[in-house]
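Note sheet for the following structure.
Every number in this text was worked out from the coordinates using simple rules, so none of it is lab data. As the structure is a computational prediction, the values presented were derived from the model and not from experiment. Positions of Cβ are generated from backbone atoms using ideal geometry, with glycine treated the same way; all protein chains shown enter the neighbour counts.
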């Protein structure tokens, strides 16, 4: 047995041993039906899989809020990218994209509200053209689940996040005509 073959076997064994541990680390996995009505007359659909390994800390949340409030939103995507991974979002036909911020809270009805954000994927052509879309460099979503683990939400794949000092509210501007609707959101069984 050659040393490189032995090394490959050891690496494969480690992957097999580590894989079940990673799956057990997920605190929440969701499946959703995504409906994009951005183009008039053409709707696109996809199944979206979202999994969270942990929730962002209060320190991470405060850091993001401070960046937004201080109107340094040009740094927001960079700050998100620098935060540790908290989960992954992907479609059934794509590779996953790391989520870097996620917050969950219980609603008055006994359900759950989940907000997550991350820097957004950009392809080479978009980045090299340096168009207006580069200002919309964050992906943001809000999902509401009922006590039964079912719900809906909105996903803004290309967002610009700002803070309005008069209303004291965070505003999310969508590069598209409207956000992607997340319907039939269900909590996956562990």
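Nearest 0.05, what FRET efficiency do residue 70 and residue 106 give at R0 = 35 Å with Cβ-Cβ as r?
0.75
Simple spin-label model, 7 Å along Cα-to-Cβ: residue 33 to residue 57 in nm?
It works out to 4.0 nm between the two label points.
Would you mind getting me the FRET efficiency between residue 184 and residue 93? Use the beta-carbon distance for r and R0 = 22 Å, nearest 0.05. List each step's numbers first, then the result.
Working: r = 18 Å, r/R0 = 0.80.
Using R0 = 22 Å, I get an efficiency of 0.80.
For residue 171 and residue 42, FRET efficiency with R0 = 30 Å and r from the beta-carbon atoms, rounded to 0.05?
0.60
Ranking request for peptides 93-102, 154-163: highest mean number of other beta-carbon atoms within 10 Å first, then the rest in descending order.
The packing order, highest mean first, is 154-163, 93-102.
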